[in-house]
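Notes to accompany the following structure.
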Amino acid sequence: MSPRNPESPDSLYKRIYAAVRRIPTGRVSTYGRIAKLAKAPGPRVVGYAMAALRDGSSVPWQRVVNHKGEISLRKAGDGQWRQRRLLEAEGVHFSLRGRIDLRAYGWPTPRKTPPNKA
DNA sequence: CCTGTGACGTCCC
DNA sequence: TGGGACGCCACAG
């Protein structure tokens, strides 16, 4: 196998994209979780893989946010807004601070942490 | 081959 | 609850 070769079926990026595709519509995951699921060496690599995506890649990249539940800023600049649009279209709710409640929309379900638990 | 950089996370204050 | 510092690694030049 050739993990260095992007064309390899079991390449790192392929695994990452596969993991992202598993995120259900209306739910979101984090770079860290995707990294684990895809057996990636680290979260940064996941971000790098996302940045390498093309439009119409069939990979729901918009469902990947950082561990704070916020849309990560990218170099390109544009896109964060588009990401938010796409997520809202899927029914994902953003707080006033522009954050997503991972306890409610996170995937896989991080914990059975009751949102209303005292 | 070596260096810089990035759509991040965790620890510590 | 918020902010700063360090760690980790693949990729491009």
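Since every read-out is calculated from the coordinates, none of them should be taken as a lab result. Please read these numbers as outputs of a predicted model, since none were measured by experiment. Glycine also receives a Cβ, built like all others from the backbone with ideal geometry; neighbour counts cover every protein chain displayed.
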Self-check item: Backbone N within region A:60-74 under 19 Å of label point (7 Å from A:SER95 Cα along the Cβ vector)
Solution: A:64-73
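State to the nearest 20 debye the size of the charge dipole of region A:12-105 about its Cα centre, where the only charges are +1 on K and R beta carbons and -1 on D and E beta carbons.
In debye, rounded to 20, region A:12-105 gives about 340.
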Quiz prompt | Residue-span extension gain [A:TRP81 to A:LYS14] - 0.36 nm each, minus C-alpha spacing | solution = 21.5 nm
Self-check item: Fully extended contour minus Cα-Cα distance, from A:ALA104 to A:GLU70, at 0.36 nm per residue
Solution: 10.8 nm
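Order the peptides A:28-37, A:88-97 from the highest to the lowest mean number of other Cβ atoms within 10 Å of their residues.
Details: A:28-37: 20.6, A:88-97: 11.8.
Highest to lowest by the protection proxy: A:28-37, A:88-97.
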Self-check item: Normalised contact order of region A:12-105, rounded percent, pairs of Cα under 8 Å and 6 or more residues apart
Solution: 29
